[in-house]
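Chemist: Handing you this structure, nothing more for now.
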Amino acid sequence: MNQKDVLSLQSMPAASASYGRPPCRFINREFFIITYESDPTAIRQAVPEPLQPDGSNTVSYEWIKMPDSSGLGSYEESGIVIPCTFQGEPCNFVAQMYLDNAPAILGGREIWGFPKKWAKPHLIVEDTETLTGTLHYNHVLVATGTMPFKYNILDEQETAKAIAKTQVNLKLIPDVDGTPKIAQLVAYNLDNITVKGAWSGPARLSLIPHVNAPVADLPVQAYVGGKHFIADLTLPYGRVLYDYLQ
Ligand SMILES: CC(=O)CC(=O)O
């Protein structure tokens, strides 16, 4: 390989890239999101400046089933998103993410800086009426969410707008000597969104303390509600919102 060959490689390992080149198209991506009030001090601790928590003291706990994801495969994901502002503009900070697919972990971390770790999330309709999300980390149950199946129909255009909201990750890549090489807030917006169904309803969430999957560090204090929706959408490349090294 010459220098040009090296610089045109898609990702490591050179012999076989770990993930396809973005944009990634997701077909029938199914979301289950429980929004709840949490401890403002814990929220402030989880959100990196200059992002600001949006003042609602809310957190969204999510399960996402992705059966058909170009360049990545078929997988499930679970995690925590915190509504924030950046210079007064609303955005969601992606605080924790757990999933069961190597291409999506590697590509997600290397390109967009998603805070991804390997774990076992699962979203199903449990015998026979309850939308149920679980997250196991190293075989230990750390999260369970429940909501009645397709309870109240939600507006699909409003749902598409919510999906398109700016999302922000804290991308941290160390240099070979351990010092920070990349320390950025990276933003992206999902686009080409077609909502195929959207529902709301009451929801409940149980979070269990685990040192390697600290979802319970943002404890549930009160419930706002649950949302369930299915959409086709595209994840494009991101953009640097803030560079901690400049
Ligand atoms: C590639 C990605 O990072 C997308 C996702 O898993 O949400």
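Chemist: Kindly list, by first and then second residue, each pair from a residue in segment 4-20 that is buried (at least 16 other Cβ atoms within 10 Å of the Cβ) to a residue that is at pLDDT 95 or above and of a type in the set (Ser, Thr, Tyr), limited to pairs with Cβ atoms under 6 Å and residues at least 6 apart or on different chains.
Modeler: As it stands, the answer is Ser11/Ser18, since those pairs meet every condition given.
Chemist: Hey, among the residues in segment 225-245 that are under 17 Å from the mean Cα position of the chain (by Cα) and aromatic (Phe, Trp, Tyr), which one's most open to solvent (accessible area, probe 1.4 Å)? It would help to see each step written out before you state the result.
Modeler: Just the residues of segment 225-245 that are under 17 Å from the mean Cα position of the chain (by Cα), to begin with: 226-239.
Subset that is aromatic (Phe, Trp, Tyr): 229, 237.
Working: Phe229: 14, Tyr237: 119 Å².
Out of the qualifying residues, it is Tyr237.
Chemist: Against the condition open to solvent by 70 Å² or more (accessible area, probe 1.4 Å), out of contact with any helix residue (DSSP H, G or I) (no Cβ under 9 Å at 6 or more places or on another chain), polar (S, T, N, Q) and without any contact (Cβ under 8 Å) to a residue 24 or more places away in the chain, how does Thr128 come out, does it pass?
Modeler: So Thr128 passes the test.
Chemist: Given the options Ser74, Ser60, name the one that is within 16 Å of the ligand (Cβ to nearest atom), at pLDDT 95 or above, loosely packed, with under 13 Cβ neighbours inside 10 Å and outside any helix (DSSP H, G or I).
Modeler: The conditions single out Ser74.
Chemist: Might you check whether a residue that is under 19 Å from Glu156 (Cα atoms) and open to solvent by less than 30 Å² (accessible area, probe 1.4 Å) occurs anywhere in segment 203-224? It would help to see each step written out before you state the result.
Modeler: Our first condition is that a residue be under 19 Å from Glu156 (Cα atoms); within segment 203-224, this holds for none.
No, segment 203-224 contains no residue that is under 19 Å from Glu156 (Cα atoms) and open to solvent by less than 30 Å² (accessible area, probe 1.4 Å).
Chemist: Which is at pLDDT 95 or above, open to solvent by 70 Å² or more (accessible area, probe 1.4 Å) and closer than 25 Å to Ala102 by Cβ, of Val142, Val176? Write out each step before concluding.
Modeler: Values: Val142 fails: open to solvent by 70 Å² or more (accessible area, probe 1.4 Å).
Unique residue meeting the criteria: Val176.
Chemist: Is there any pair with a first residue in segment 107-118 that is more than 8 Å from the ligand (Cβ to nearest atom) and a second that is among the aliphatic types (A, V, I, L, M) and modelled with pLDDT of 95 or more whose Cβ atoms are under 6 Å apart and which are 6 or more apart or on different chains, and what are they?
Modeler: Here the result reads Gly113/Val186; Pro115/Met97, each pair linking segment 107-118 to a residue that is among the aliphatic types (A, V, I, L, M) and modelled with pLDDT of 95 or more.
Chemist: Which residue pairs have Cβ atoms closer than 8 Å, lie 6 or more positions apart in sequence or on different chains, and pair a first residue in segment 28-48 that is more than 28 Å from Ile193 (Cβ to Cβ) with a second residue that is assigned to a strand (DSSP E or B) and open to solvent by 30 Å² or more (accessible area, probe 1.4 Å)?
Modeler: Short answer, once both residue conditions are applied: Pro40/Pro53; Arg44/Pro53.
Chemist: What are the residues in segment 188-237 that are within 16 Å of the ligand (Cβ to nearest atom) and touching a Gly at 6+ places or on another chain (Cβ under 8 Å), if any?
Modeler: Tyr188, Phe229, Ile230, listed by residue number.
Chemist: Name the residues in segment 37-57 that are open to solvent by 70 Å² or more (accessible area, probe 1.4 Å), of a type in the set (S, T, N, Q) and assigned to a loop (DSSP other than H, G, I, E, B), would you?
Modeler: none
Chemist: OK, next. Spot the failing condition for Gly88; the list is (1) within 15 Å of the ligand (Cβ to nearest atom); (2) farther than 26 Å from Ser200 by Cα; (3) without any contact (Cβ under 8 Å) to a residue 24 or more places away in the chain, and only one is missed.
Modeler: Every condition holds for Gly88 apart from (1).
Chemist: For the condition at pLDDT 95 or above, β-branched (Val, Ile, Thr) and open to solvent by 10 Å² or more (accessible area, probe 1.4 Å), what is the one hit in Ile111, Ile82?
Modeler: Numbers: Ile82 fails: open to solvent by 10 Å² or more (accessible area, probe 1.4 Å).
When all the criteria are applied, what remains is Ile111.
The values are calculated or read from the model by the stated rules, or taken from the named source; none is laboratory data. In this text the structure is predicted, and so the values were computed from the model without any measurement. Every residue, glycine as well, gets a Cβ built from its backbone with ideal geometry; the counts of neighbours run over all protein chains shown. Ligands, DNA and RNA are stripped out before the accessible areas are found, and what is left, the full protein with its side chains, is counted by its heavy atoms. Shrake-Rupley method; radii C 1.70, N 1.55, O 1.52, S 1.80 Å.
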